[in-house]
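Accompanying notes for the structure given below.
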Amino acid sequence: MENPEVPQPPAAPPAFWRTDAGLTTIVAAAITVVSILVAVAAWRGSTAIGRASDLDGGYIQQVAMRQQELETIAGYVELDMRLPPRYQEHVLAAAQLQAAAEKLPAGSADRQLLEVRAQGERAIARVMRPFFISLPTVDAQGVAMYDREFVLRTLEDQDTRLADLQPEQVAADAVIAHNQANGFVIVGVILAVALVLLTIAQVTRGARRLPFVASGAVIGLAGSIGLVLVEAVLFHGR
């Protein structure tokens with residue numbers, strides 16, 4: 001007696017993404033996502049280029065302002081340098097007159113005259129002091145010494161406007177902004193390549209589309225990761 005044939009269960013339908021229609025839908029969604037990422041990369045790249053341009057201009061402006069401020073300080077010091085010879089003349093005369101007076105008997109007319117003349121020279125020197133930005137130092141012999149370089153460095157260190165100018169930092173920030181802009185351009189190109197491959201996959205059918213889908217997906221994923229790195233990681237560790 002022959003055995004009746006056992007009915008076979010119906011074959012399971014292929015997965016949605018394995019069908020031509022399903023793959024077309026997935027590719028269309030991927031094209032939409034990559035198109036958005038390309039637009040984001042272009043927008044952020046444009047923003048970074050604008051910031052880099054502003055920083056370049058700010059660097060040039062700060063360099064000019066710093067140079068102007070340094071020249072102003074140097075001008076003040078040069079004006080100061082004109083006073084020490086005259087100041088020295090009166091200080092030294094006072095010291096010499098006082099030394100000569102001390103060699104004479106106390107209370108003598110000549111000593112009193114020399115002391116009065118010494119006081120007069122010291123008074124003239126005192127009148128000159130407010131005109132100095134930095135007073136010369138006077139040794140025991142009445143020799144006045146003016147350290148131009150020290151005064152110049154001190155004035156530069158104390159200048160609040162110079163302290164507010166940081167062209168080196170602005171230049172460093174400009175370099176970072178330029179690098180970030182270049183990064184967005186590279187990411188945009190990568191995503192654009194992925195978009196082209198996915199578009200080719202969208203208009204083809206059958207097995208021929210699979211290499212385009214795979215390569216477009218891989219390159220699109222790489223571009224997406226690159227976009228995140230450029231935006232939030234690579235240029236924010238300073």
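Please indicate, with yes or no, whether at least one residue in the range 36-46 is aromatic (Phe, Trp, Tyr), closer than 30 Å to residue 135 by Cβ and open to solvent by 50 Å² or more (accessible area, probe 1.4 Å).
Let us first name the residues in the range 36-46 that are aromatic (Phe, Trp, Tyr), namely 43.
Filter once more, so that each one left must be closer than 30 Å to residue 135 by Cβ: none.
No, the range 36-46 contains no residue that is aromatic (Phe, Trp, Tyr), closer than 30 Å to residue 135 by Cβ and open to solvent by 50 Å² or more (accessible area, probe 1.4 Å).
Just to confirm my filter: which helices (runs of 4 or more DSSP H) fall fully inside the range 87-180 and include at least 3 residues that are touching a residue at least 24 places away in the same chain (Cβ under 8 Å) and closer than 30 Å to residue 230 by Cα? Reasoning before the result, please.
Values: elements: 109-128, 148-158, 160-164.
Those helices (runs of 4 or more DSSP H) do not exist here; none qualify.
Any chance the range 150-162 includes a residue that's over 30 Å from residue 86 (Cα atoms) and either touching a helix residue (DSSP H, G or I) at 6+ places or on another chain (Cβ under 6 Å) or open to solvent by less than 90 Å² (accessible area, probe 1.4 Å) (or both)? Reasoning before the result, please.
The initial filter retains those residues of the range 150-162 that are over 30 Å from residue 86 (Cα atoms), namely 160-162.
Pick out the ones that are also either touching a helix residue (DSSP H, G or I) at 6+ places or on another chain (Cβ under 6 Å) or open to solvent by less than 90 Å² (accessible area, probe 1.4 Å) (or both) and you get 161-162.
Checked the range 150-162: at least one residue is over 30 Å from residue 86 (Cα atoms) and either touching a helix residue (DSSP H, G or I) at 6+ places or on another chain (Cβ under 6 Å) or open to solvent by less than 90 Å² (accessible area, probe 1.4 Å) (or both).
For the range 67-95: of the residues being of a type in the set (Asp, Glu), open to solvent by 30 Å² or more (accessible area, probe 1.4 Å) and over 12 Å from residue 133 (Cβ atoms), which is modelled with the highest pLDDT?
Let us first name the residues in the range 67-95 that are of a type in the set (Asp, Glu), namely 69, 71, 78, 80, 89.
Filter once more, keeping what is open to solvent by 30 Å² or more (accessible area, probe 1.4 Å): 71, 78, 89.
With over 12 Å from residue 133 (Cβ atoms) added as a condition, the list becomes 71, 89.
Details: 71: 89, 89: 82.
Taking the candidates together, the pick is 71.
Search the range 163-192 for residues being of a type in the set (Asp, Glu) and open to solvent by 40 Å² or more (accessible area, probe 1.4 Å), and hand back the single one that is nearest to residue 55 (Cα to Cα). Reasoning before the result, please.
So in the range 163-192, the residues of a type in the set (Asp, Glu) come out as 164, 168, 173.
With open to solvent by 40 Å² or more (accessible area, probe 1.4 Å) added as a condition, the list becomes 164, 168.
Values: 164: 16, 168: 11 Å.
Looking at residues that are of a type in the set (Asp, Glu) and open to solvent by 40 Å² or more (accessible area, probe 1.4 Å), I get 168.
The values are calculated or read from the model by the stated rules, or taken from the named source; none is laboratory data. Owing to the predicted nature of the structure, the values given are computational and were not obtained by experimental measurement. Positions of Cβ are backbone-derived with ideal geometry, glycine not excepted, and every protein chain shown enters the neighbour counts. To get the accessible areas, we keep the full protein, side chains included, count just its heavy atoms, and leave off ligands, DNA and RNA. Shrake-Rupley method; radii C 1.70, N 1.55, O 1.52, S 1.80 Å.
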